[in-house]
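Every number here is computed from the coordinates shown, using simple stated rules; none is lab data. It should be emphasised that the depicted structure is a prediction, and the values quoted were computed from it without experimental measurement. Here the Cβ positions follow ideal geometry from the backbone for every residue, glycine too, while neighbour counts run over all protein chains shown.
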Amino acid sequence: MANRQYDSGLRSREALMARPSSSSDEVQVQIDPMHADLDDQIYGLRGQLRKLKGVALEIESEAKYQNDFISQLQSTLAKAQAGVKHNMRRMNKKIVQNGSNHLVHVVLFALFCFFVVYLISKFSKR
């Protein structure tokens, strides 16, 4: 009995008859009155499908929002990296121009501190 073609449409089961509709996305279903519980189940499934479609649309919009946000973060990060690189070049250039006396000052300060600690330890023993 399945898949026999009638004038009103395709008969898929004893109680269901599918008819092609004007829209390609919709299929109209006619149910015999003896099987009214199937009608309720179909309406329930239709409602669940609407809910799932809503969830899918929300997921799609959230994914687009997050992709845009990630793109903005990537461009901000690229700008920050370029700024840091530019400032590092400027600092290196200034250090080379002014000479590297900073290292000499740090070494002299360390030697002075060591000498002061040595003198304090030498006089505190007596």
Checklist entry - Based on the Kirkwood radius over alpha-carbon pairs, what value in µm²/s does the Stokes-Einstein equation return for the translational diffusion coefficient of segment 30-109 at 4 °C and 1.567 mPa s? => result 67
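What Kirkwood Rh does segment 68-126 have if only Cα atoms enter the pairwise 1/r average? Answer in Å. Don't skip to the end; give the middle numbers.
Details: mean 1/r = 0.0638 Å⁻¹.
Roughly 15.7 Å, rounded to one decimal.
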Item to check | FRET E, pair residue 97, residue 121, Förster distance 35 Å, beta-carbon r, rounded to 0.05 | outcome: 0.25
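What is the extension gain from residue 82 to residue 67, computed as 0.36 nm multiplied by their sequence separation minus the C-alpha to C-alpha distance, in nm to one decimal?
Numbers: separation 15, 0.36 × 15 = 5.40 nm, distance 2.26 nm.
Extra length available between residue 82 and residue 67 comes to 3.1 nm.
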